[in-house]
Amino acid sequence: MHACIVAVGSEMLTPFRVDTNSLLITERLNQIGFDVRLKAVVADHVEELARVVDGALAWADLVVITGGLGPTADDITREAVARVLGVPLEVDERIVDRIRERFVRRGMTMPDINRRQAMVPRGAVVVANPNGTAPGLWLERGSCAIVLLPGPPREMTPMLDAVLRDRLAPRGSAAGLFRRVLKVTGRTESDVDAAIEPIYAMWPSRRVPISTTILAALGQIELHLTARAPGRIDADAALDTAVAELQAVLGVAIYSTDGRPLESVVGEMLRERRFTIAVAESCTGGLLASRLTDVPGSSDYVERGVVCYSNRSKTELAGVPESLLVEHGAVSEPVAEALATGIRVRADTDVGIGITGIAGPGGGTPDKPVGTVAIAVTVREMARVRTFQFLGGREMVKFQSAQAAMNMLRLMLLKLDPTFWPGRVAKG
């Protein structure tokens, strides 16, 4: 069963608004077996919307349209759909009465313009809107169903759920679509694909087929697994097996098997070990501390973070010896390690991280070009330090630096038995 989702609104074709409804609609439709094959954002233009809807009706089993059901002249969804279906728009006086009553309850008089919201294509079934004035509509042409819903999520969501329950669930296939997102860091997209392609190539032919999508994101690779199964139990069993197969090949490069971000995974590891952390950042300017504290409950393990941007601050706030800065330069592994050790000792924490580098666009040299970043992680007496050469602009270098620092910490923590208390460090 194929579905198309259309968001109507010229504002979503500007830099200031995005369509978020389609994400929720896709999730709901997948659960009852509809596979969303196309999403579109269309301006408030009757002819353009009519062309998109007409094209979708040629192949889709379901077309869901959100937005364009208000009372103003640019709310053109009803007119466009009626034009495609070749039916007239007719005023439903029952809708007019309900809208008028809604205004009366608020001590207001309904403007005549709101009568536009009662214009219904002939043959449509009205979907009640408990939270607004714009009713939804259900129409059919042949085997294809068309659902019109208002754009505001507060109104759209309960109406969508009602349509799913009363009309779409019986039309859906016996199988639903269930997803799992794995996240990988420290390896390239091509490297990951070469390693796992022999595995995922076998999945479509299994009893519960699984499709795979590989997405490259900044500082990580995402593996999206989609299982088509009769229910959650069968899907979870198949996905669990698939995840185990990928873990056997990619090992610790997989840092999340449930879609969680790296900062959440690292935070859980710190909490399990009852470890605390302090960070001293130069080129990242506090981004690492910000990401760590984006996680609810991070006060359990984040003790402090300092931004040591200048050489003076590196000495005053983290205790980096001036002689070290003179001998090696601020962007160097010895300074990164001194930052990590110094902030850990001063904060009396179990973990310390130091980051120093050149985010650009200026400041690079032939020996230390833009993107050079030295990162050190100390966990009690254990220490790891590494120099990276990141690509991209300033924001990209900063993000990748914070990502790499957290991944270095994650890999070190994996060497420690999570049942150990702070101060007892597993060797090796």
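The values are calculated or read from the model by the stated rules, or taken from the named source; none is laboratory data. Since this is a predicted model, take the numbers as computed values, not measurements. When we count neighbours, we look across all protein chains shown, and the Cβ atoms used for this are built from the backbone with ideal geometry, even at glycine. Areas reflect the complete protein model, heavy atoms only, side chains present, ligands, DNA and RNA absent. Shrake-Rupley method; radii C 1.70, N 1.55, O 1.52, S 1.80 Å.
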Q: Filter region 294-323 down to the residues that are free of Cβ contacts under 8 Å to residues at least 12 places away in the same chain and outside any loop (DSSP other than H, G, I, E, B), then identify the one that is surrounded by the most Cβ atoms within 10 Å (Cβ to Cβ).
A: Thr315
Q.
Name the residue that is surrounded by the fewest Cβ atoms within 10 Å (Cβ to Cβ), counting only residues in region 216-236 that are in contact (Cβ under 8 Å) with a residue 12 or more places away in the chain and over 14 Å from Gly176 (Cα atoms).
A. Leu218
Q: Determine which single condition Pro209 fails, assuming it passes every other condition in (1) at pLDDT 95 or above; (2) open to solvent by 70 Å² or more (accessible area, probe 1.4 Å).
A: (2)
Q. (1) out of contact with any strand residue (DSSP E or B) (no Cβ under 6 Å at 6 or more places or on another chain); (2) buried (at least 19 other Cβ atoms within 10 Å of the Cβ); (3) in contact (Cβ under 8 Å) with a residue 60 or more places away in the chain: which one isn't true of Glu155, the others all being true?
A. (3)
Q) Considering only region 36-67, how many residues are in a helix (DSSP H, G or I) and over 19 Å from Met12 (Cα atoms)? A) 4
Q) Given Ala134, Ala58, Ala128, Ala82, which one is surrounded by 16 or more Cβ atoms within 10 Å (Cβ to Cβ) and either at pLDDT below 95 or under 21 Å from Arg171 (Cβ atoms) (or both)? A) Ala134
Q) Has region 68-75 got at least one residue that is over 23 Å from Asp35 (Cα atoms), under 37 Å from the mean Cα position of the chain (by Cα), in a loop (DSSP other than H, G, I, E, B) and without any contact (Cβ under 8 Å) to a residue 12 or more places away in the chain? A) yes
